[in-house]
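**Q** I have a structure here, written as structure tokens, and I will follow up with some questions on it.
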Amino acid sequence: MGSRVWSLMRFLIKGTVAGGVVYLVYDQQLLGSSDKSHAVLQKAEEVVPPAMYQFSQYVCEQTGLKIPQLPAPPKFNFHIRESWNSGIITVMSALSVAPSKAREYTKEGWEYLKERIK
């Protein structure tokens, strides 16, 4: 019985987190323009680490646990906007040539089978 309750609790927690993420994405309009998404990402980088620290301190006070201080996250000079755009361009390029490539491979396959059957 205990494992069922724990499984249900894990499911509810994961569902709540997933629902919160979906709401946050919708509320912050992250699927809109890339400029707005970049601004929200910058804001999150400033707000999330202090919030996580405060939450961990609260958990320590409430439970009596001692959580070691984590090192600061590394700073990356990574522009997600350029990577996102190049990824989208690559995927769209692959999708645009997919029908002609499928036709070409099918033709080659039929030719191969015709040669093997003779």
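The values are calculated or read from the model by the stated rules, or taken from the named source; none is laboratory data. Quick caveat: nothing in here was measured; it's all calculated off a predicted structure. Glycine gets a Cβ as well: all are built from the backbone with ideal geometry, and neighbour counts include every protein chain shown. When the accessible area is computed, the model is the full protein with side chains, heavy atoms only, and any ligands, DNA or RNA have been set aside. Shrake-Rupley method; radii C 1.70, N 1.55, O 1.52, S 1.80 Å.
**Q** Test Leu65 against the criterion of being at pLDDT below 80, part of a loop (DSSP other than H, G, I, E, B) and surrounded by 10 or more Cβ atoms within 10 Å (Cβ to Cβ), and give yes or no.
**A** The answer is no for Leu65.
**Q** Given the criteria open to solvent by less than 80 Å² (accessible area, probe 1.4 Å), free of Cβ contacts under 8 Å to residues at least 12 places away in the same chain and over 18 Å from the mean Cα position of the chain (by Cα), does Val48 qualify?
**A** Criteria not met by Val48.
**Q** Going through the stretch 23-44 one residue at a time, which ones are in a helix (DSSP H, G or I), open to solvent by less than 100 Å² (accessible area, probe 1.4 Å) and under 23 Å from Ile88 (Cβ atoms)?
**A** Across the stretch 23-44, the qualifying residues are Leu24, Val25, Ser34, Asp35, Lys36, Ser37, His38, Ala39, Val40, Leu41, Gln42, Ala44.
**Q** With the condition kept exactly as written, say whether any residue in the stretch 72-87 is basic (Lys, Arg) and either open to solvent by less than 80 Å² (accessible area, probe 1.4 Å) or modelled with pLDDT of 80 or more (or both).
**A** Looking for residues that are basic (Lys, Arg) and either open to solvent by less than 80 Å² (accessible area, probe 1.4 Å) or modelled with pLDDT of 80 or more (or both), one finds none in the stretch 72-87, hence no.
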